[in-house]
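Down below is the structure, laid out as structure tokens.
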Amino acid sequence: MKLLHIDSSILGSHSKSRELTAAIVAKLKHVHPLIEIVYRDLAVTPPPHMTLASLPGDHPSSAFAGPLDDVAQRIRDQSQRMLDEFMAADIVVLGVPMYNWSIPSQLKAWIDIFSCAGQNLPVRAAGAGGRVGRQQARHCRHHARCVLRIPHGCDFC
Ligand SMILES: Cc1cc2nc3c(=O)[nH]c(=O)nc-3n(C[C@H](O)[C@H](O)[C@H](O)COP(=O)(O)O)c2cc1C
């Protein structure tokens with residue numbers, strides 16, 4: 001079984017969502033010792049913002065970009081790697097902080113990469129508790145649910 005662990009907080013060691021995702025992943029690892037974990041930190045390696053050239057090669061619209069130079073091809077390859085990681089995962093653990101009443105733009109850019117896939121995948125999300133604690137965690141879950149469940153049909157806990 002493969003688990004994709006995604007963090008998107010910009011707050012590094014001060015991040016609450018990172019604590020939550022780490023705890024969830026550690027618990028899953030304890031329960032399923034053979035689970036293979038792939039980690040991606042979207043704050044350290046932000047996905048490209050969506051352009052035709054940055055769409056992964058598997059995206060139906062990527063061909064509209066025409067021939068790519070080396071730099072653009074490297075960006076496309078990076079998007080394709082992120083899409084492949086996502087498609088290969090049985091479980092995705094997402095750290096979803098609330099910034100400016102939304103999800104981090106890095107996370108939105110990551111979601112844009114696999115928006116073409118339209119697959120049903122199990123997702124457990126860790127909402128961060130900010131100043132308003134539980135209420136904020138609910139807001140975070142609501143945001144992630146809107147982004148993931150409605151267009152992508154993901155299970156959500
Ligand atoms: C740039 C920034 C914007 C934020 N915007 C909001 C907001 O709109 N609403 C809110 O309730 N909390 C907001 N917060 C508080 C964060 O949700 C809170 O710090 C939470 O712990 C962030 O998750 P993290 O610690 O994993 O980064 C914001 C924090 C930062 C750093």
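Projecting label points 7 angstrom from Cα along Cα→Cβ for D90 and I37 puts them 1.6 nm apart. Phi angles across segment 109-114 convert, under the Karplus curve 6.51 cos²θ - 1.76 cosθ + 1.60 with θ = phi - 60°, into 3J(HN,Hα) values of 5, 5, 4, 4, 5, 9 Hz, Gly and Pro given as x.
Using 0.36 nm per residue and subtracting the Cα-Cα separation, the extra length available between K2 and K27 on full extension is 7.5 nm.
A straight chain from I10 to H49 at 0.36 nm per residue would run longer than the Cα-Cα distance by 12.4 nm. Between S61 and S102, what is the FRET efficiency for a Förster distance of 35 Å, r being their Cβ-Cβ separation, to the nearest 0.05? Using R0 = 35 Å, I get an efficiency of 0.90. Here segment 1-63 and segment 66-113 have alpha carbon centers that stand 9 Å from each other.
Bear in mind that the values in this text are calculations on the coordinates, not laboratory data. Every value quoted in this text rests on a predicted model; they were computed, and no experiment measured them. As a convention, Cβ positions derive from the backbone with ideal geometry for all residues, glycine included, and neighbour counts pool all protein chains shown.
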